[in-house]
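Data first, discussion second: the structure below is written as structure tokens.
The values are calculated or read from the model by the stated rules, or taken from the named source; none is laboratory data. Just so you know, these numbers come straight off a predicted model, no measurement behind them. Every residue, glycine as well, gets a Cβ built from its backbone with ideal geometry; the counts of neighbours run over all protein chains shown. Accessible surface areas use protein heavy atoms only, side chains included; no ligands, DNA or RNA. Shrake-Rupley method; radii C 1.70, N 1.55, O 1.52, S 1.80 Å.
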Amino acid sequence: MASNPSRRQNNLAFLRRVDPVSAARLAAHAEKPFEGELVPAKKEGWTVRIGRAWVHSKYHPGREAEQLVAAETEALTELNLHFGLGLGYLVAADATLPAGVRFVFEPNPALLWLALDVLDLPLLYEERGLRLFLDESAFGAALEEVFDRGFNFRVFALPFYLKHAPEAYGRFRDLVRAKLEASKVRQVTLAKIYPHVMRSSLRSLWQTTVLPSVDGLVGQLRGKPAVILAAGPSLERNISELKPYRDQILLFAVARVMRALEKQGLVPDFLVHTEAKDYRAQVYGISGLDRVCLLLSDQCHPDFFSLPAGQTLVYQSDTNLVTAWKTRFLPQLKQFRIDSGGSVATEAFSLAFAFGCDPIVLAGQDLAVAGARTYIDGERNRAFPYDPEHVRPVPGFFGQAATSLIHYVTFIHWYEEAAAVLRAQGNPTRLFNATEGGAALSGFTPTRLVALLHSLDGAGPTGVGEAVRRAAARVGVLPRAALGKLIRQTRDQIDEALQFTAEFATFAARTDTDLAKLEAQPLRDMTFFSTLQERFEWYCQAIFTLLDETPLVGGFCHQSLQDLRALRRRSRQIDRHLGADALLDLTRRELAQLQDAVTRIQEAQTLINQSLNAFQNRLELQES
């Protein structure tokens with residue numbers, strides 16, 4: 001078949017408008033030879049022949065797609081993932097829940113270029129919710145977005161792609177699995193841990209606003225070798241090897257390794273800490289703490305700022321909602337922000353890189369378990385129980401398989417993606433993994449710690465103390481008037497939210513009474529349920545809007561939001577022709593879920609007001 005310039009150009013013009021990056025990648029295949037050809041199918045439509053292989057049925061490709069969809073036994077979802085678009089038959093035949101979307105990752109851009117002669121991309125995008133991806137990184141980012149919103153999904157793939165692109169399909173499958181598991185970890189973190197982060201960030205607001213930032217150290221330690229000491233159990237085997245080389249390296253330590261360092265007579269240059277819980281017991285009374293520079297995040301427990309350290313510098317996280325609230329209104333309060341990988345060790349790595357250290361060496365970064373142990377001192381992380389369901393096999397440091405955990409795998413991916421980005425940018429910083437155990441980290445050269453330390457040129461990290469002192473002296477002028485205005489504006493927002501919760505309380509009490517009356521009636525007015533569902537939908541949307549517009553409140557309510565979205569999603573799938581008893585039960589559960597969300601909002605409002613009052617008092621006290 002001769003190409004259809006008009007259809008192809010229309011498709012390209014449309015793609016340039018909605019996705020210029022994919023359009024440019026696709027156009028790059030215009031002049032490349034491709035052995036595939038469009039062929040009329042024997043019964044209906046078009047198909048593609050590549051050598052002796054057929055991308056779709058050579059008889060009736062539309063019916064083939066319908067049969068593949070009919071064989072799918074899973075329930076409809078909001079998201080369908082397609083490996084390969086071909087001529088679009090499978091995308092046209094599948095089904096989703098109302099307003100569902102279809103993500104298509106096309107591993108063969110040359111085939112897609114050929115398909116532009118017959119595809120109708122505007123129709124697929126606008127009526128089928130298509131989003132097309134030719135790049136794994138863009139596809140991964142889109143997956144993160146929908147998985148974080150709680151979308152369920154199904155996977156579709158043509159037999160041709162499974163047979164002729166098995167390696168690409170393996171990468172597709174692994175990417176989907178990795179992004180799904182990372183999202184699950186994020187959701188657990190947001191629901192169970194982030195309320196503690198919010199509470200600690202608010203309580204530490206004064207310290208993180210007035211203390212000097214790590215900005216003064218950015219780029220000031222260029223070429224100085226840094227060893228990041230994480231708290232994995234492997235550190236017990238090589239921590240003693242640091243002592244002969246202490247004057248040649250910078251030591252970045254996390255709180256859990258401080259007592260192990262003290263036993264070796266070692267004092268780190270930097271103690272990096274980001275925990276929202278009170279972990280002072282891990283470092284309290286340690287000798288030499290007055291010679292250590294604390295690098296504390298904007299979510300640290302407030303009492304950690306009072307430790308008798310040499311200097312204290314603060315840094316901001318790109319995910320901290322309290323910091324985002326503060327700096328959105330007062331940009332002058334922006335400080336150095338890190339791309340946090342979710343652990344204190346990844347933050348230490350980010351800081352060492354920002355300071356200009358080279359090489360950067362990881363030690364004790366097992367990201368795996370040794371028997372029942374996850375830390376050098378044998379203590380388990382109570383926030384992430386070591387559960388058999390969390391276990392994941394990963395490539396090990398020594399080439400064998402290692403036993404990791406689901407949240408550790410997200411840290412592995414973070415390190416590996418960071419290394420890949422640095423390589424792509426041509427950054428010459430040398431990265432080493434000297435853990436000598438645990439998981440392998442692609443992009444980090446595995447090495448024995450003592451061998452690496454011995455290979456250093458002997459130039460010690462001179463001038464570090466002076467650089468820290470200069471950074472600590474950089475204290476800006478506090479914008480008191482602007483801060484006072486921000487607090488007043490935020491209180492006004494909180495008051496508006498309180499009015500909403502009061503209105504809902506009245507509605508909930510009245511609805512609960514009506515449901516009790518309805519339950520006692522032998523004949524029930526079924527229109528009552530449909531009317532109530534409309535009100536529930538309105539309150540759900542009102543809650544979503546309120547939490548989106550007041551992120552300080554939203555940070556406390558992730559679990560309620562997740563539960564509310566899931567319940568609303570399930571209720572929309574339920575047959576409304578159910579009996580009255582079933583609808584009554586569903587309605588009571590929906591009301592209870594709404595009440596739980598509103599209760600969380602009220603609790604957050606109280607805590608935020610308390611924290612703002614405390615900050616305002618400190619501000620006024622300093623003025624006087």
- Query: Which of the residues spanning the stretch 305-325 are farther than 15 Å from residue 206 by Cβ and of a type in the set (Gly, Ala, Ser)?
  - Reply: 309, 310, 317, 324
- Kindly indicate which of 162, 134, 121, 130 is open to solvent by 40 Å² or more (accessible area, probe 1.4 Å) and not β-branched (Val, Ile, Thr). 162
- Quick one: which residue in 103, 151 is aromatic (Phe, Trp, Tyr) and at pLDDT below 90? 151
- Task: For the stretch 251-294, enumerate the residues that are over 23 Å from residue 354 (Cβ atoms), in contact (Cβ under 8 Å) with a residue 40 or more places away in the chain and in a helix (DSSP H, G or I).
- Result: 259, 260
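Quick check on this structure: which one of 37, 72 is open to solvent by 70 Å² or more (accessible area, probe 1.4 Å), of a type outside the set (Phe, Trp, Tyr) and in contact (Cβ under 8 Å) with a residue 24 or more places away in the chain? First the steps, then the outcome.
Numbers: 72 fails: open to solvent by 70 Å² or more (accessible area, probe 1.4 Å).
37 is the lone residue from the list that is open to solvent by 70 Å² or more (accessible area, probe 1.4 Å), of a type outside the set (Phe, Trp, Tyr) and in contact (Cβ under 8 Å) with a residue 24 or more places away in the chain.
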- Determine whether the stretch 348-362 contains at least one residue that is charged (D, E, K, R) and modelled with pLDDT under 90. no
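What number of residues within the stretch 542-559 satisfy the criterion of being aliphatic (A, V, I, L, M) and either within 17 Å of residue 489 (Cβ to Cβ) or not in a helix (DSSP H, G or I) (or both)?
Narrowing the stretch 542-559 to residues aliphatic (A, V, I, L, M): 542-543, 546-547, 552-553.
Retained after the next criterion (residues that are either within 17 Å of residue 489 (Cβ to Cβ) or not in a helix (DSSP H, G or I) (or both)): 546, 552-553.
Of the residues in that region, 3 qualify.
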- Any chance the stretch 387-410 includes a residue that's over 29 Å from residue 455 (Cα atoms) and part of a loop (DSSP other than H, G, I, E, B)? yes
- Check residue 51 against each of (1) under 16 Å from residue 160 (Cα atoms); (2) touching a helix residue (DSSP H, G or I) at 6+ places or on another chain (Cβ under 9 Å) and name the one condition it does not meet. (2)
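Given the condition free of Cβ contacts under 8 Å to residues at least 40 places away in the same chain, surrounded by 18 or more Cβ atoms within 10 Å (Cβ to Cβ) and not in a helix (DSSP H, G or I), answer yes or no: does some residue in the stretch 8-24 qualify? Break it down into steps so the answer makes sense when it comes.
Initially, the stretch 8-24 is screened for residues free of Cβ contacts under 8 Å to residues at least 40 places away in the same chain, giving 9, 13, 16-17, 20, 23-24.
Checking which are surrounded by 18 or more Cβ atoms within 10 Å (Cβ to Cβ) leaves us with 23.
Still in the list and also not in a helix (DSSP H, G or I): none.
No, because not a single residue in the stretch 8-24 is free of Cβ contacts under 8 Å to residues at least 40 places away in the same chain, surrounded by 18 or more Cβ atoms within 10 Å (Cβ to Cβ) and not in a helix (DSSP H, G or I).
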- Give the stretch 190-219 a look and list any residue that's touching a Pro at 6+ places or on another chain (Cβ under 7 Å) and either open to solvent by 20 Å² or more (accessible area, probe 1.4 Å) or free of Cβ contacts under 8 Å to residues at least 24 places away in the same chain (or both), or say none. 203, 207
- Task: Assess whether residue 155 counts as being outside any helix (DSSP H, G or I) and under 28 Å from residue 53 (Cβ atoms).
- Result: yes
- Message: If I go through the stretch 226-244 residue by residue, how many of them are of a type in the set (S, T, N, Q) and under 14 Å from residue 261 (Cβ atoms)?
- Response: 2
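Let's see how each residue does on (1) modelled with pLDDT under 90; (2) farther than 28 Å from residue 439 by Cα; (3) touching a Cys at 6+ places or on another chain (Cβ under 6 Å):
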{"residue": "226", "(1), (2), (3)": "no, no, yes"}
{"residue": "244", "(1), (2), (3)": "no, no, no"}
{"residue": "271", "(1), (2), (3)": "no, no, no"}
{"residue": "302", "(1), (2), (3)": "no, yes, no"}
{"residue": "305", "(1), (2), (3)": "no, yes, no"}
{"residue": "308", "(1), (2), (3)": "no, yes, no"}
{"residue": "313", "(1), (2), (3)": "no, yes, no"}
{"residue": "317", "(1), (2), (3)": "no, no, no"}
